[in-house]
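What follows is one structure encoded as structure tokens, with my remarks underneath.
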There are 2 protein chains.
Amino acid sequence: MNSKFLLAASLSALLLSSGARADEGMWTFDAFPAAKMKSTYGFAPDQAWLTKVQQSAVRLSVGCSASLVSDTGLILTNWHCASSCVADLSSAERDYGLKGFLAATLTDEKVCPGMEAEVLVSITDKTAQVKAATKGVEASKVAQIRSVAITKLEEEACKDADKDLFRCDMISLFRGGQYKLYKYRIYKDVRLVFSPENVMGFFGGDPDNFNFPRYNLDSAFLRAYENGKPVSTPTHLTWTTETPKDGEVVFVAGNPGSTERLRTTSQLKFERDYRLLTRQLVRSELRGRLIEYRTKNDEAKRSAEETLFGVENSFKAQYGQQRALMDPHFFAIKEKEEANLKAKVRANPKLLATIGDPWAEIDAALTKQQDLFLEHEFLEARAGSISGLYGAARQLVRIANERAKPLAERLPGFSDAAIGQTEKQLLTETPIYKDMEVIGLELWLSKAREYLTADNPSIKRLLGAESPEGLAARAIAGTKLTDKAAREALIKGGKAAIDASTDPLIVLARRAETDARAINVKMNQEVNGPISQAAEKIAKARFAIYGTNVYPDATFTLRLSYGVVKGWNYAGVTVPATTTIGGYFERASGEFPYVAAPSWLAAKSSLDQSTPFNIVSTNDIIGGNSGSPLIDKQGRVVGAVFDGNIHSLGGNYAYDGRLNRTVSVTTASITEALRKIYKADRLVAELKSK
Amino acid sequence: MNSKFLLAASLSALLLSSGARADEGMWTFDAFPAAKMKSTYGFAPDQAWLTKVQQSAVRLSVGCSASLVSDTGLILTNWHCASSCVADLSSAERDYGLKGFLAATLTDEKVCPGMEAEVLVSITDKTAQVKAATKGVEASKVAQIRSVAITKLEEEACKDADKDLFRCDMISLFRGGQYKLYKYRIYKDVRLVFSPENVMGFFGGDPDNFNFPRYNLDSAFLRAYENGKPVSTPTHLTWTTETPKDGEVVFVAGNPGSTERLRTTSQLKFERDYRLLTRQLVRSELRGRLIEYRTKNDEAKRSAEETLFGVENSFKAQYGQQRALMDPHFFAIKEKEEANLKAKVRANPKLLATIGDPWAEIDAALTKQQDLFLEHEFLEARAGSISGLYGAARQLVRIANERAKPLAERLPGFSDAAIGQTEKQLLTETPIYKDMEVIGLELWLSKAREYLTADNPSIKRLLGAESPEGLAARAIAGTKLTDKAAREALIKGGKAAIDASTDPLIVLARRAETDARAINVKMNQEVNGPISQAAEKIAKARFAIYGTNVYPDATFTLRLSYGVVKGWNYAGVTVPATTTIGGYFERASGEFPYVAAPSWLAAKSSLDQSTPFNIVSTNDIIGGNSGSPLIDKQGRVVGAVFDGNIHSLGGNYAYDGRLNRTVSVTTASITEALRKIYKADRLVAELKSK
């Protein structure tokens, strides 16, 4: 956002407190506001600094960020970003979650099933090409036609030899204001090097999640391989055990997943009252089921843990969003911003004539979205809930059907390249827990019936004469999709094999597909298309009024955020910026989730208790930034971002510099732990050698 | 609401459709709008009709309505109003929920533990006395002082010999606009006569709950006893097997629990974004736990069933409220009503000078309520969740503490009479399921920590060094409050016994009490007091502008609603008003919850398939009306109200005559089932004899 816009926004924040939104912004690497930062902090990174950091930043296919920290492909990320890999590699006899994992030698490093790592190599502007494709197209067809155009541009940029080594993604920025082609070097063999015990990675558990003070070793190391060897990565971040002090400048380079800062207030109300509400209600019920299921026995506890962690994390993250949107003061900030922009548009007759009233267009589409929402949610968007097997069945059915169509008639996201990628994922072998599959499938079917009612025609077709409970149990018990060979045969057999299959999950997914696809198409035509066209007009107004010195909403692509190490004050309580290893031992009451790791208790006397453990800073981040390097002025990695405080969750809609904080684990504490507790000499030596 | 107000409101409804809100209103028996009804339907009940119905209407202590239907105390209500009694009387060996219950003779009728029945005998206006007590009192002290004045007036009206036979409740109507003393004849020995199998009482289960078409025999019979003999009730409703046809006038006499129709739009936003949201999220998690817990074994299934039913019922009822408040069109109705009233106040300088701006006063109190909400919710309002044992511990502690204080310093609701009533309830013996107690206590403690954070001082005091899981398991395992004798000893021992108790639940409740009481007092002083004073001013404005021909918000006291038998049309689907017994057999797929009762399948050929089973009408009802008699013009009982459709749930905030429908089970189908399926000849004979 440019200075005018920031000024208006800052004023509203100032009315509430003395803070300002100076550190707001998730900046793309091709548009970092160096001048603005320099004017605030007397320092800004130069191009060499930016290039090095971009080439050291890593995106993980599990939805996390990370960074290269040695010249042989060593990757720093979070314990919670490696935890699905740890769960996949664990069994009842060999529980790496419980004990932690450390590869003594290179050959002990274990492949993380399905995990990929990517490094962004270039950003190319394709706005003109994409906009040309949809020029003059009626609103209901825009989503489909644009999707085809984008697929062609992506395929063109990643063809021939590049196909296997690179990924090309078209990114829509500023809600359709810009389209840029992001090209990534991809590494498909990622191995686990080190991950601490769960009790260290997630000390304080759900109660402390998104809170502070914190004492978590939420860090892990992976390594990128190619052709069975570690990848050579001469460009990487330098490791240091120094920790920046209060007020010192720090950067976060990572992939914030998504934000809604450019949405209209009507869209935010829809978000609050429909999408967030419905998802949180269903998620809470799932959470309750998992909590109770876990008490069955040790195996249930182990098999549910990873999923429960994910569910609880999503719950609290979205609760933070609800909390922001239900706060009248917070919402008033958005309303003022919007009123300000609308007034400026009205004051500019030429602009007004060009864009008309896109806010009213969005409101009209939202009225339709309200009508379509529940059917879209339960028949399409959340079909299958946490059942991975049903998810696979659904993808197999849809891939077979879509591939049989010409590209222009396919659903968005079903280009040959995308299908190929999905097929690869479908052949990944990870543990399958049938009890959990039944819970997921049953939850979906029963909630779909509840929200749409037993008399809804789609529900009648979906359930037939069966109950959600009976159908879920029967389909999971009878499916062969647990076998990779069965999935492979269905992929190879294409539509004929899918149509002929008697596998109960395929039969169910086939039965569901007609209604699911229909509501998808309807939502794109009646809601997404018109909204994206209107949003483009608002983006146009923004550029016209505020110039281009603004940042786009997060898109799970590489961004750079700057800020300073700084605590905060809320409701009369002052929260300091840094905790220490000594504080960890004080908080460890011995009761779950405040149980100290035996390895730490054993090494307690050898540890420097004053070592900074976790640290907060004003950087503007959001979910997806997990694992991002925290970087100092010199470009050294000083920590791994693993959380935001509860106030940071409102950052989905607006950044509030008074309260919004990023939480990182320091490289100082990681090093102390690797040296004295885990005796990870090989790793310590690799980090020291730069 | 008087005609002017209705006109404005009807106009907004008319803008949406051709329906109107003609049948709106939950009228008190001392202010029934006979003239208005007569002008609409050409008929209105006379005073004799009203008196007879009032004397035949019953309120049950389980939060239900009912009616006298014979001259020997026979009471018609719902299966779901008797289901807690059925559960209390059942065991694994003798499961009356599974098999149904029918007392072959009078001596087989079984006492429902703790259940009481009440008949309203008089309504006396005490507005002047109550208002005099708080005249000139500052806002923060109003709630406390009014509570003391009300207690004195109640005690005065129910003293000496009346004390045991009557209950005197001061009812605040029109949000403090009026105070009326309701005097009830109470029957403390209520016995179970008949209740059908759960699969008949709740056919269609949660999926069909609050939906229509329905096919439920949601009915049961109880009997009021005194001195071991059936009570003589010469005044009662006449039984008939005739069912009113489409368009015929019907009445509902019952006790709607509560509505929020007179609240300001700011209050409704608070309701939507804070109270409803938080409760529904926690309730969903509990629901998930109960659903999963139930799968453990048959005993778990049986012990959780009643609670799960209650939780799912509350969930859907409140989801209906959320659904109404998130609908922009619905909310606009309330906004227009409020704007209309505000404009009329502004146009009346004298009135404006008297009341000022009570809406702004409420907004100021709401800002405080937002700050206090979570602590009040988790430390006080919902403490203990579904743990009945913790609830008992809490009441024992509070009663002991409050009784030691002079009345003027006690919390509202702790008069000697109220304490005596609570003590009696504390000595009721009902089954206790320790697993469920642990789930409830753990849920409360863990959600309190989650929403208030582990660093909250009250949470630190509540949990000490323990985890919610550990503390809940330990306290429930160790408590002696399961024994009636232990509870009795603590009641008799008073504060000294409570202070000296080492029972782990008493220790926990004692530890929690200081913070719980403090937030209760704070909420009364800073929020409830100021809001009630402002609400009185709005009530004053309403009376000044619209006259007194309006109805008050529901207060779980006797009301009469009129309407007609009528289906509805929504989203292109027309729903007819009546279902038949034949339709029941068609819907019974055999899969839960659509399993036909074996008794019905066995008798199928003998049944008149065209018998009207369930029926909808436009009567304005809400939760608490369950079990209310549906009454025809002649004053005969033609059905028992057991539900509303999904649209009726928005009735908490506004009545929408286009869609809002009451659902009843017909006396025709009840009689058919009693005669041909249950062979309840004794009961059929009693109903026939008038």
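The values are calculated or read from the model by the stated rules, or taken from the named source; none is laboratory data. Owing to the predicted nature of the structure, the values given are computational and were not obtained by experimental measurement. Every residue, glycine among them, receives a Cβ derived from its backbone with ideal geometry; neighbour counts consider all protein chains shown. The area values use the complete protein model at the heavy-atom level, side chains included, leaving out ligands, DNA and RNA. Shrake-Rupley method; radii C 1.70, N 1.55, O 1.52, S 1.80 Å.
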Dipole magnitude of chain A about its Cα centre (Cβ charges: Lys, Arg +1; Asp, Glu -1), debye to nearest 20: 1360 debye
Percent of C-alpha pairs per 5 Å bin, region B:411-552, short to long: 2, 8, 12, 15, 16, 15, 11, 7, 6, 5, 4, 1, 0
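Using alpha carbons only, what's the Rg to Rh ratio of chain A with Rh from Kirkwood?
0.95
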Per-copy distances of the residue B:460 label point, shortest first, in nm (7 angstrom along Cα→Cβ): 6.1
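Can you compute the FRET efficiency between residue A:246 and residue A:327 using 1/(1 + (r/R0)^6), with r the Cβ-Cβ distance and R0 = 30 Å? Round to the nearest 0.05.
On the way: r = 28 Å, r/R0 = 0.93.
Once rounded, the FRET efficiency stands at 0.60.
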Teacher prompt: residue B:416 distances to equivalent labels in other copies, 7 Å Cα→Cβ, nm: 9.1
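Taking region A:188-343 on its own, what percent of its Cα-Cα pair distances exceed 29 Å?
On the way: 5340 of 12090 pairs.
For region A:188-343, the fraction of Cα-Cα distances above 29 Å is 44 percent.
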Which of B:459, B:355, B:385, positive extreme of dipole for region B:345-543 (C-beta unit charges): B:355
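Provide the buried accessible surface between chains A and B in square angstrom, both chains summed, 1.4 Å probe, rounded to the nearest 100. It would help to have the intermediate numbers written out before the result.
Working: alone 27460 and 27450 Å², together 50860 Å².
Separately minus together, A and B give about 4100 Å² buried.
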Distant-in-sequence amide H partners of residue A:503 (H built 1.01 Å from N, under 5 Å): none
Sequence-distant residues sharing a close amide H with residue B:178 (under 5 Å, placed H): B:173
Reduced Cα scattering model of the protein assembly as shown, Debye log10 I(q)/I(0), q = 0.07, 0.08, 0.09 Å⁻¹: -0.82, -1.07, -1.34
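Under a Cβ-Cβ cut-off of 13 Å, what is the net charge of the residues other than residue B:350 that fall near it, where Lys and Arg count +1 and Asp and Glu count -1?
Values: positive: B:344, B:346, B:540; negative: none.
With Lys, Arg at +1 and Asp, Glu at -1, the neighbours total +3.
Calculate how large, on average over all directions, the projected area of the Cα convex hull of region B:58-130 is; give the answer in nm² to one decimal.
Values: hull surface 27.7 nm².
If I average the Cα hull's projected area over directions, I get 6.9 nm².
Which residues make up the longest stretch of chain B clear of GluC sites (Glu not before Pro) that lie in a DSSP loop with no more than 14 other Cβ atoms within 10 Å, not counting the sites? Working shown, then result.
On the way: sites that count: B:93, B:138, B:242, B:429.
Answer - B:430-690.
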Accessible surface of residue A:574 - all protein chains present, 1.4 Å probe, nearest 10 Å²: 100 Å²
Listed residue (B:104, B:507, B:72) projecting farthest to the positive dipole end of chain B, Cβ model: B:72
Per residue value of the accessible surface for the protein assembly as shown (all protein chains in place, 1.4 Å probe), Å²: 37 Å²
Reciprocal mean inverse distance between Cα atoms of region A:601-655 - Kirkwood radius, Å: 13.4 Å
Residue-wise HN-Hα coupling along region B:309-317, computed from phi with Karplus coefficients 6.51, -1.76, 1.60 (Hz; x: Gly, Pro): 4, x, 5, 5, 5, 5, 4, 5, 4
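Could you list, in their original order, any pairs among A:38/A:334; A:52/A:183; B:301/B:480 whose Cα atoms are separated by more than 21 Å?
Too far apart for the 21 Å limit: A:38/A:334; B:301/B:480.
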Alpha-carbon Debye profile of region A:265-543, log10 I(q)/I(0) at 0.07, 0.08, 0.11, 0.16 Å⁻¹: -0.33, -0.42, -0.76, -1.31
Label point at residue B:363 placed 7 Å out along Cα→Cβ; residues across region A:300-338 whose backbone nitrogen lies under 18 Å: A:326-337
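Might you report the magnitude of the Cβ-based charge dipole of the protein assembly as shown about its Cα centre, with Lys and Arg at +1 and Asp and Glu at -1, to the nearest 20 debye? Don't skip to the end; give the middle numbers.
Values: 178 positive and 164 negative charges, 510 e Å.
Roughly 2440 debye, rounded to the nearest 20.
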For the B-to-A rotation axis, chain B residue with nearest beta carbon and its distance in angstrom: B:288, 1
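Please list the three semi-axes, largest first and in whole Å, of the ellipsoid equivalent to region A:213-297, using sqrt of 5 times the eigenvalues of its alpha carbon gyration tensor.
Values: eigenvalues 268, 128, 70 Å².
Over the Cα atoms of region A:213-297, the semi-axes work out to 37, 25, 19 Å.
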Residue A:482 paired with residue A:403, simple spin-label distance in nm, labels 7 Å along Cα-to-beta-carbon: 2.6 nm
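Please tell me the relative contact order of region B:157-227 in percent, rounded to the nearest whole number, where contacts are Cα pairs under 8 Å and at least six residues apart. Present the calculation step by step, with values, prior to reporting the outcome.
Working: 85 pairs, mean separation 20.2, N = 71.
Here the relative contact order equals 29 percent.
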Per-copy distances of the residue A:356 label point, shortest first, in nm (7 angstrom along Cα→Cβ): 4.9
For region A:630-670, convex hull of alpha carbons as volume per residue, Å³: 85 Å³
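Scaled to the compact-protein estimate 2.2 N^0.38 Å, what is the alpha-carbon radius of gyration of region A:484-618, rounded to two decimal places? Each step should come with its number before you reach the end.
Numbers: Rg = 27.7 Å, N = 135, 2.2 N^0.38 = 14.2 Å.
Dividing the Cα radius of gyration by 2.2 N^0.38 Å gives 1.95.
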For region B:119-187, the spread of Cα positions along each principal axis, largest first, Å: 40, 23, 16
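Pop out the carbon and sulfur fraction of the accessible area of the protein assembly as shown as a percent, whole number, probe 1.4 Å.
For the protein assembly as shown, the apolar C and S fraction of the accessible surface comes to 53 percent.
As an exercise, use a Förster radius of 35 Å and the Cβ-Cβ distance of residue B:372 and residue B:351 to find the FRET efficiency, rounded to the nearest 0.05. Don't skip to the answer; put the middle values down first.
Numbers: r = 32 Å, r/R0 = 0.91.
Plugging the Cβ-Cβ distance into 1/(1 + (r/R0)^6) gives 0.65.
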Value of relative contact order over region B:119-187, rounded to a whole percent, pairs C-alpha under 8 Å and six or more apart: 46 percent
Gap separating the Cα centres of region B:245-305 and region A:67-86, nearest whole Å: 46 Å
Partner aspartates and glutamates for residue B:540 [C-alpha distance under 19 Å; skip if fewer than 8 residues away on the same chain]: B:125, B:138, B:260, B:337, B:338, B:357, B:361, B:363, B:553
Added length on full extension, which subtracts the Cα-Cα distance from 0.36 nm per residue, residue B:229 to residue B:424: 68.0 nm
Distance from region B:514-531 to region A:19-58 (C-alpha centre basis), Å: 49 Å
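Where the only charges are on Cβ atoms (+1 Lys, Arg; -1 Asp, Glu), what is the dipole of region A:294-414 about its Cα centre, to the nearest 20 debye?
Numbers: 19 positive and 18 negative charges, 51 e Å.
Dipole about the Cα centre, nearest 20: 240 debye.
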Debye intensity ratio in log₁₀ form over the Cα atoms of region B:326-452, taken at each q of 0.10, 0.16 Å⁻¹: -0.61, -0.97
